[in-house]
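These notes concern the structure reproduced below.
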Amino acid sequence: MSHLIELQNIFKIYSDGDSEIRALDDVSLTIDEGEFVAIVGSSGSGKSTCMNMIGCLDVPTSGKYFLNGTDVSSMTDDEQAKIRNQMIGFIFQQYNLIPKLNLLENVELPLIYRGLPAAQRREMAETSLERVGLIDRKNKFPSQLSGGQQQRVSIARALAGNPPLILADEPTGALDSKTGREVLEFIKQLNSEGNTIVLITHDNSIAAETKRIIRIADGKIISDSLTGEDAL
C-alpha cells in the first residue's frame, strides 16, 4: 500500500553568497491516509519549508516527494498548481478570504479553478458551509464575521473539493485562546471523520492535540512520535 505522503531524502538548499543554507537536510517521512500529524519547530527550523514541500508550493533541490503515489517533486509550476487544487485543502493562519466575495463565493473559488460547472460548484460550496455551521450566513462578507467564523469559512473552502489532504498552517495563530480551542476541536472532528490532516505549528500545546508529532530543527527531523492513546 502506498503512503499518502512520502518524502524521500529531501534536500532544500539555498545559496547565500559563498555559503549554503540547508532549509531541509535529508528529510524522509511518510504519512498515511487518515492520520492527524503535527510538524513542529521554531522559527527557522525548516518546518515552513517542509510545509511548502508537502503543499506542492516548492520543489526540492534533490530527493523525491510522492503524493498519493504520484511523484510531484520535479513537476512544473503549472503541474503543481493542478495537483494543489485537486489534492490539497489549505487552512491558513490569516484566513486568506477575499473581502469583495461573499462566503459562498469564497468557498467556491478553488472549484472555479478546477473548472466545475456553476451548479455543481454551488452545491459543493453550500455543503461545505453547512458542514462548518455557516450555511445561514452564505451571503455575508468576511468583514461581517468574527475571526473564528472567518477561519471556519477558510476550513469550508479547504474541504469543498473533498481533497485527500488538509494542510493547516498555524490555524489558530490569529485567534484568541477560546476561539482557537473551538477551531482546533473542529479540526480534530474533521480527522475523526476520516480527513488526513497535517498541522504546522510552533506551539507544543496545540501539537499535543494531534495523534503524531514530527519535530524539525536545523532542517532535520529530530523526533517522530505518537501521542496519547496512539503511543500505547
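Bear in mind these aren't lab numbers, they're just calculated from the coordinates by the rules spelled out. Only a predicted model underlies this, so the values are computations on that prediction, with no experimental measurement involved. In this analysis, Cβ positions are derived from the backbone assuming ideal geometry, glycine residues included, and neighbour counts consider all displayed protein chains.
Couple of notes before you dig in:
- Charges were assigned to the Cβ only: +1 to each Lys and Arg, -1 to each Asp and Glu. The resulting dipole of the chain about its Cα centre is roughly 760 debye.
- Over segment 136-175, volume per residue of the alpha carbon convex hull, in Å³: 70
- Cα gyration tensor shape of segment 38-155, rounded if a/c is under 1.5, else prolate or oblate by comparing a/b with b/c: oblate
- Euclidean distance between Cα centres, segment 126-149 to segment 58-106, Å: 23
- Spatially close lysines, pair count over the chain: Cα under 14 Å, gap of eight or more or interchain: 7
- P(r) weight above 13 Å for segment 191-232, C-alpha pairs, percent: 59
- Considering all C-alpha pairs of segment 89-187, those separated by over 20 Å amount to 29%.
- Residue-by-residue Karplus 3J(HN,Hα) for segment 54-66, coefficients 6.51, -1.76, 1.60, Hz, glycine and proline x: 5, x, 6, 9, 7, 10, x, 5, 7, x, 10, 10, 9
- Along each principal axis, Cα extent of the chain, largest first, Å: 53, 41, 39
- Positive-end extreme of charge dipole, the chain - chosen from Y95, V59, I216 (charges on Cβ): Y95
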